[in-house]
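Read through the structure below, which is laid out as structure tokens, and then see the notes.
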Amino acid sequence: MSIETVKAFFVQADSDPSLCEKFRSAALDSAEAVSRLGREHGYIFSPEDAMAAFEDYESGELSDEDLDLVSAGGSCPQYPSGQSDTGGGPT
């Protein structure tokens, strides 16, 4: 779907300690794992969308509104490793 969907998932993960822990684990695994976890919670987005959202966050290209969304509680999100289940390596 879209990067906006990923950001909405970040907000949910940040507000739910149990989901936040799962999110951190998925993010350390791969963008594909983040995408799968999002799907389990009703957020449909591709691994590429997940990586794009993380790259926006990392590069400082997020608007003030986006920063508010992804840093609501400060505990999530964590960055994915950049690996995918399809054999991609770190970026």
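Values quoted throughout were computed directly from the atomic coordinates according to the rules given, and no laboratory measurement underlies them. Note that the coordinates shown come from a computational prediction; the quantities given were computed from them, not determined experimentally. Note: ideal-geometry Cβ built from the backbone for every residue, glycine included; neighbour counts use all protein chains shown.
Of note:
- Scope the range 21-54; condition under 15 Å from residue 8 (Cβ atoms) and either touching a Lys or Arg at 6+ places or on another chain (Cβ under 6 Å) or assigned to a helix (DSSP H, G or I) (or both); matching residues: 23, 34, 35, 37, 38, 39, 40, 49, 50, 52, 53, 54
- Counting only residues that are surrounded by 14 or more Cβ atoms within 10 Å (Cβ to Cβ) and without any contact (Cβ under 8 Å) to a residue 12 or more places away in the chain, the range 1-50 holds 2 of them.
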